[in-house]
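The values are calculated or read from the model by the stated rules, or taken from the named source; none is laboratory data. Quantities reported herein were computed from a predicted structural model and do not represent experimental measurements. Reconstructed Cβ throughout: ideal geometry from the backbone, glycine too, with neighbour counts over all protein chains shown. Heavy atoms of the whole protein, side chains included, go into the accessibility calculation; ligands, DNA and RNA do not. Shrake-Rupley method; radii C 1.70, N 1.55, O 1.52, S 1.80 Å.
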Amino acid sequence: MNASKTLGEIAQRIGGKVEGDVHARVGGVASLEAAGKTQLSYFANPRYRKALLGTQALAVIAREDAPHVEGMNWIRVANPALAFAQVADWFNPRTQPPPGVDKAARIHPEACIHPSACIMANVVIEKGAVVGAHTVLFPGVFIGEGVVLGEGCWLYPNVVVMDKVEVGNRVTIYAGAVLGADGFGYVFDVEKKAHVKIPQTGVVHIEDDVEIGAGTCIDRATTGETVIGRGTKIDNLVQIGHNVHIGPLGLICGQVGIAGSTTIGAGVVLAGQVGIADHVEIGNRVMVSAQTGIGRDVEDGAQVSGYSGFRHVDWLKFMLSAHKLPELLKEVGRLKRRIEELEKEENL
Amino acid sequence: MNASKTLGEIAQRIGGKVEGDVHARVGGVASLEAAGKTQLSYFANPRYRKALLGTQALAVIAREDAPHVEGMNWIRVANPALAFAQVADWFNPRTQPPPGVDKAARIHPEACIHPSACIMANVVIEKGAVVGAHTVLFPGVFIGEGVVLGEGCWLYPNVVVMDKVEVGNRVTIYAGAVLGADGFGYVFDVEKKAHVKIPQTGVVHIEDDVEIGAGTCIDRATTGETVIGRGTKIDNLVQIGHNVHIGPLGLICGQVGIAGSTTIGAGVVLAGQVGIADHVEIGNRVMVSAQTGIGRDVEDGAQVSGYSGFRHVDWLKFMLSAHKLPELLKEVGRLKRRIEELEKEENL
Amino acid sequence: MNASKTLGEIAQRIGGKVEGDVHARVGGVASLEAAGKTQLSYFANPRYRKALLGTQALAVIAREDAPHVEGMNWIRVANPALAFAQVADWFNPRTQPPPGVDKAARIHPEACIHPSACIMANVVIEKGAVVGAHTVLFPGVFIGEGVVLGEGCWLYPNVVVMDKVEVGNRVTIYAGAVLGADGFGYVFDVEKKAHVKIPQTGVVHIEDDVEIGAGTCIDRATTGETVIGRGTKIDNLVQIGHNVHIGPLGLICGQVGIAGSTTIGAGVVLAGQVGIADHVEIGNRVMVSAQTGIGRDVEDGAQVSGYSGFRHVDWLKFMLSAHKLPELLKEVGRLKRRIEELEKEENL
């Protein structure tokens, strides 16, 4: 799996150009700081210039304009980070476990498991569920009635997929995530003085190539679907409410919360701990700074920071000004007194 | 389970009045946008007027003053959302699974399981635990020593209930929630240079008709009890610290955090991602906006937004003003110069 | 386990001095409010003066300068909270379960389990893992390939420790926590219009005497290590990103989020729901208030509140001023008009 490869072979795989010894053998990948004499690293962000100049790496993937390093082997590419990701994947492929159903897994007779799937110990799969080719279920995974899992999915330990959730192909779900818990829907009965539950009879639909982080919760819809669009990547401990629709190619960072019935466009980036209220429409290619709270629609391409309604540029201006507010209050008091002096003299 | 019902039967069940064909048969419920020609929907919020006018639904539950729709069948009620919840529940009852203990469940001989309970595969129940009538434990649930679960509880997959936690009747706990982990209590030993753990020897007490969301954590008390009051509904990924007391009929939304020893009154609504400090007293019927941080007591009936101490009305005023602060700073600079001019001329 | 002990015995154990009946027998510990006539409590924070004056406790651990209470037995110490923690632990020791491997645990033949360890039902331990002496694994725990667990560790139900994670000695991990899920790393491929995964080939390293709360997620590094330093205590539902280094003796409260590659010094306190951006350096002994967002480096010993860049003292000043901003805007308008009047008269 980790057999060494030459710089030439690597360059060919990533469409790069070698400057140096095409026959040099690389044993693996590492960061610039940690790389040893048989390892390959990459340089993209000028922040790492110092690390580049001091690296022990055998070779570095970089653009043409990288700083000069005496005696270094280079693989020149247009996008070093992307190329490094491809090489790292080549050196560290995820090993497909042998197919089969562990004897300690509990599969309902009316579930349908592809023979090439790998079902590990203590997995429980309920009636009518379907598990696609090459899909891997780690110990403790629960698959509810009527769930459909596509091909090439990886569900890590203790993931829970509740009834009738649909998961596409090549979806990865990290440990402890929960898909299809009931959405948070109640209506208050004034007579009985109780919060009456609104049955959550909809489903969750995860499209192809989505990744869902550890501990993340995606609720089923009241009616209809909660949807995560193709190729979107969701980090850990994220909460997605019922009937939310997220478009393709999104990046949803850790501990984000999106309340029910909100729609989010394509290519949206939500930084960590962002909160979005219910029934909001977020356009395409919107970027939201960490911890921002959004309570109103946001148009395509906007950058949003701070509390609802601030555009990023305005939030920065506000934060710069905010430090000066206590002093400004005193200054205005002083100006007021000077005006009073002038007015007194004027009245004389 | 999903047998069709007539509008007349439905109206009778919810105390409504039919305007249209009492014999029309309804097959199920759906939203206004998604409903087909055999489905029932409801209209309450004017926001959905457009959806109402374009709906394909066979019938709509609504108040008398709903917009007119040609040819529509109506069931008139005072509270359409509540009535819809009751109908949705009638069409989609939660199916009680057959009673019994799965052969792959591990039950301590000194645990006491009611014969009508349903204990699924890979459940572990420890010594001295009690499980009440009709309670359902999904795969992977852990019930610790001395735990008491009431009647009609539903614990979804991989829920963990630690030792001596008490859960009332008709409590629903969604997948992955954890009740009774240790509270976060340490005291610093300056000599040994270590955080010394304060043993958390108290319990958690969940009252009747509570719902607890997926991934939510409710810690045991240092001594005494952490209490969740009757009929309170808690969303996903919420953190409740040790010795917190929450009153009845609360609504605690996703990712809220409440630190230790805080008390919360009855009927309190905490929107998403709210944070409440320790040893705070929140009164009855308080409503707290999303992402608000509360560090001081809040009186009955208050509405709180933004950072600690802002009443909602004041927070709105502040946010409206905040946009103007950078410009205000410049304006004050200009006024100062004009005053200086006036003072110069006055001194002549 | 809960056999009564005399005040004399207790005082000796904690290095305190009895004022009262050295032979009085104590049955257990409790808070001042809840303590009964055979229980011991403590007084440290003046906030609890009223509770002290009304307590039914047999004896109270306190400093010399505690308020006088007629007829009370005292154990005088310099640090009552610490002493109480030690006594509570003596009365409520964590009971070591009998060693052995449950028949329903699944242990890979090439895993190495110390004979004194306790492995409970439905635990899965993969190839090459090592479990140290006296370590306890509760039901549903997953231990991945090559994981090393030290001695005296306690992993509560459904904890997940992914491949090659290293855990030191006397580490406690509460239910549902996840160590070693993939870090959130992607690079965008413009040609293929896809977020390409950067393989996360590093590990997580947890040092001795760390505690990790329920539902908390600590991601493996891209390359290298994510490190939690010795004696650090982490609360529930915390998210620690890839390549984060946290120093020793930290206190990380509930729902904190720390993004990738950030380093945090020794003895740092992060209050609840704090968010720290990526690639930030937080010094030693920094204290961060609840809900604070940090986007820039913070020097040793700083206290930080509010949004990035506010020192605590400045944040308090800003919050006090912020209430006055709407009125300040109006006042400046009024001053402007008075200046205009003066200027008009000046021009006459």
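Can you tell which of C:158, C:79, C:169, C:122 is over 29 Å from residue C:182 (Cα atoms) and not hydrophobic (A, V, I, L, M, F, W, C)?
Residue meeting the stated conditions: C:79.
Inside the stretch A:200-210, can you point out the residues that are surrounded by 24 or more Cβ atoms within 10 Å (Cβ to Cβ) and in contact with a Lys or Arg (Cβ under 8 Å, 6 or more places away or on another chain)?
Going through the stretch A:200-210, the residues surrounded by 24 or more Cβ atoms within 10 Å (Cβ to Cβ) turn out to be A:204, A:206, A:210.
Answer for the stretch A:200-210, where residues must be surrounded by 24 or more Cβ atoms within 10 Å (Cβ to Cβ) and in contact with a Lys or Arg (Cβ under 8 Å, 6 or more places away or on another chain): A:204, A:210.
Suppose we filter the stretch C:283-292 for residues that are part of a strand (DSSP E or B) and open to solvent by 10 Å² or more (accessible area, probe 1.4 Å); how many remain?
1
I'm trying to understand the selection: among the residues of the stretch C:267-282, which are assigned to a loop (DSSP other than H, G, I, E, B) and either among the small types (Gly, Ala, Ser) or open to solvent by less than 10 Å² (accessible area, probe 1.4 Å) (or both)?
C:267, C:268, C:271, C:272, C:274, C:277, C:280
What strands (runs of 3 or more DSSP E), lying completely within the stretch B:156-266, carry at least 2 residues that are more than 10 Å from every other protein chain (Cβ to nearest Cβ)?
Correct list: B:203-206, B:225-228.
How many of the residues making up the stretch A:1-33 are over 22 Å from residue A:79 (Cβ atoms) and either free of Cβ contacts under 8 Å to residues at least 24 places away in the same chain or outside any loop (DSSP other than H, G, I, E, B) (or both)?
Adding up the residues that qualify gives 3.
So in the stretch A:293-308, with the set limited to residues that are at pLDDT below 80 and more than 7 Å from chain B (Cβ to nearest Cβ), which one is most open to solvent (accessible area, probe 1.4 Å)?
A:308
Which pairs have Cβ atoms under 8 Å, sit 6 or more apart or on different chains, and link a residue in the stretch C:78-94 that is more than 21 Å from residue C:45 (Cα to Cα) to one that is β-branched (Val, Ile, Thr) and open to solvent by less than 10 Å² (accessible area, probe 1.4 Å)?
Filtered contacts from the stretch C:78-94: C:90/C:10.
Which of the residues that make up the stretch B:28-55 are closer than 19 Å to residue A:201 by Cα, open to solvent by less than 50 Å² (accessible area, probe 1.4 Å) and either touching a helix residue (DSSP H, G or I) at 6+ places or on another chain (Cβ under 6 Å) or more than 13 Å from every other protein chain (Cβ to nearest Cβ) (or both)?
Correct list: B:28, B:29, B:32, B:43.
Which number in (1) at pLDDT 95 or above; (2) closer than 12 Å to residue B:220 by Cα marks the one condition that residue B:155 misses?
(2)
Based on what the data block shows, is residue C:51 under 29 Å from residue B:279 (Cβ atoms) and under 31 Å from the mean Cα position of the chain (by Cα)?
yes
Answer with yes or no whether residue C:285 is closer than 26 Å to residue A:34 by Cβ and either more than 11 Å from chain A (Cβ to nearest Cβ) or not basic (Lys, Arg) (or both). Steps first, answer last, please.
Details: closer than 26 Å to residue A:34 by Cβ: no; either more than 11 Å from chain A (Cβ to nearest Cβ) or not basic (Lys, Arg) (or both): yes.
Criteria not met by residue C:285.
Just checking, which of C:109, C:97, C:67, C:115 is within 13 Å of chain B (Cβ to nearest Cβ) and either in a loop (DSSP other than H, G, I, E, B) or of a type in the set (S, T, N, Q) (or both)?
C:97
Looking only at the stretch A:188-231, count how many residues are of a type in the set (S, T, N, Q) and either in contact with a strand residue (DSSP E or B) (Cβ under 6 Å, 6 or more places away or on another chain) or in contact (Cβ under 8 Å) with a residue 24 or more places away in the chain (or both).
Within the stretch A:188-231, residues that are of a type in the set (S, T, N, Q) and either in contact with a strand residue (DSSP E or B) (Cβ under 6 Å, 6 or more places away or on another chain) or in contact (Cβ under 8 Å) with a residue 24 or more places away in the chain (or both) number 4.
Mind checking which residues of the stretch C:120-147 are in a strand (DSSP E or B) and surrounded by 23 or more Cβ atoms within 10 Å (Cβ to Cβ)?
Once the filter is applied, which keeps residues that are in a strand (DSSP E or B) and surrounded by 23 or more Cβ atoms within 10 Å (Cβ to Cβ), the stretch C:120-147 yields C:124, C:125, C:131, C:137, C:142, C:143.
Within the stretch B:311-320, is there a residue that is in contact with a Ser or Thr (Cβ under 9 Å, 6 or more places away or on another chain), more than 10 Å from every other protein chain (Cβ to nearest Cβ) and modelled with pLDDT of 85 or more?
no
Take the residues in the stretch A:71-94 that are in a loop (DSSP other than H, G, I, E, B) and farther than 19 Å from residue A:22 by Cβ; name whichever of them is most open to solvent (accessible area, probe 1.4 Å).
Ranking the qualifying residues of the stretch A:71-94, first place goes to A:94.
Looking at residue C:129, is it among the small types (Gly, Ala, Ser), closer than 20 Å to residue C:17 by Cβ and modelled with pLDDT of 95 or more?
no
Need pairs with beta-carbon distance below 7 Å; first residue at the interface with chain C (Cβ under 9 Å from one of its Cβ atoms) and within the stretch A:322-343, second outside any helix (DSSP H, G or I) and open to solvent by 50 Å² or more (accessible area, probe 1.4 Å); sequence gap 6+ or separate chains.
A:329/C:324
If only one of C:243, C:236 is touching a strand residue (DSSP E or B) at 6+ places or on another chain (Cβ under 7 Å), in contact (Cβ under 8 Å) with a residue 60 or more places away in the chain and open to solvent by 10 Å² or more (accessible area, probe 1.4 Å), which one is it?
When all the criteria are applied, what remains is C:243.
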